[in-house]
Amino acid sequence: MATPEKLIVFDLDGTLHRTDAFAVKIHQIVQGEMKYPVQTPDEIRSTFGMPSKEYMPLLLPGSDEEAQKRYGRRVVELEDEYLHLAEAYDGSAEMLEQLRGDGWVTAVCSNSSVRYISAVLKAIHLDELIDEIQPLEANSRGKDESLACLLERVQPQKALMVGDTIFDLDAARKNDLPFIGCLYGFRPTEMAAADRKVALVSEIPAAAQELLFS
């Protein structure tokens, strides 16, 4: 890929993908199967966006590493079974089409595996509208390092980040990128410091253009 003029980097869960459409149910099923307390949807949603090393102790209080591995394997099995329930936020496809038509290169940077990112994007019919995927690499300590890897690979002239959690905001700040906070996502209260805030997916193209070029 030639050096793009402008790159827009999206978080996946809570930004493009309405994760709670199927993920909450999966976690509740596996918690019950493994005899851990079955948490409320709000408790489970509060872990979305975290790396696994941070969310596993919250989902499985008092668990050891082996239990967490078994939990992770079972979640993956059920993801394949329930992925047909996955949904994009309304207007996501149209928003991405508009951005690409305006010359933006689109990317997803997520604290998830490339398997999960690719499967979800395909399930919510956005895979053909995303140019670059950046998973959490095995040696990365957080989303800021993953974002740095993406920027190094793509080498855009200008870039910005779009997300819904403090992890996304911190990643943008540590890479000196402007940030658009999604108030429709899982953690609107964490978006106070965002450079721009959007209440709807359809507001992203105008906010991105204004943020980088006005």
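So here's what we get for this one:
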read-out	value
Selection count, the stretch 148-165, where residues are under 19 Å from residue 16 (Cα atoms) and either over 13 Å from the mean Cα position of the chain (by Cα) or without any contact (Cβ under 8 Å) to a residue 60 or more places away in the chain (or both)	3
Qualifying residue in the stretch 67-85 (condition: touching a residue at least 40 places away in the same chain (Cβ under 8 Å) and in a loop (DSSP other than H, G, I, E, B))	no
Any hit, the stretch 159-166, residues being farther than 18 Å from residue 48 by Cα and out of contact with any His (no Cβ under 8 Å at 6 or more places or on another chain)	yes
Test: residue in the stretch 167-176 that is modelled with pLDDT under 95, in a loop (DSSP other than H, G, I, E, B) and under 13 Å from the mean Cα position of the chain (by Cα)	no
Selected residue (only one of 159, 206 is aliphatic (A, V, I, L, M), modelled with pLDDT of 95 or more and surrounded by fewer than 19 Cβ atoms within 10 Å (Cβ to Cβ))	206
Any hit, the stretch 183-205, residues being at positive phi and in a loop (DSSP other than H, G, I, E, B)	no
Single residue of 131, 80, 64 found to be within 21 Å of residue 202 (Cα to Cα), among the acidic types (Asp, Glu) and surrounded by fewer than 18 Cβ atoms within 10 Å (Cβ to Cβ)	131
Residue check, residue 145 farther than 22 Å from residue 89 by Cβ, under 16 Å from the mean Cα position of the chain (by Cα) and part of a loop (DSSP other than H, G, I, E, B)	no
Boolean, residue 108 is out of contact with any Ser or Thr (no Cβ under 7 Å at 6 or more places or on another chain), aliphatic (A, V, I, L, M) and without any contact (Cβ under 8 Å) to a residue 60 or more places away in the chain	no
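The values are calculated or read from the model by the stated rules, or taken from the named source; none is laboratory data. The structure presented is a predicted model; accordingly, all values stated were derived computationally and were not measured. Cβ atoms come from the backbone with ideal geometry, glycine included; neighbour counts cover every protein chain shown.
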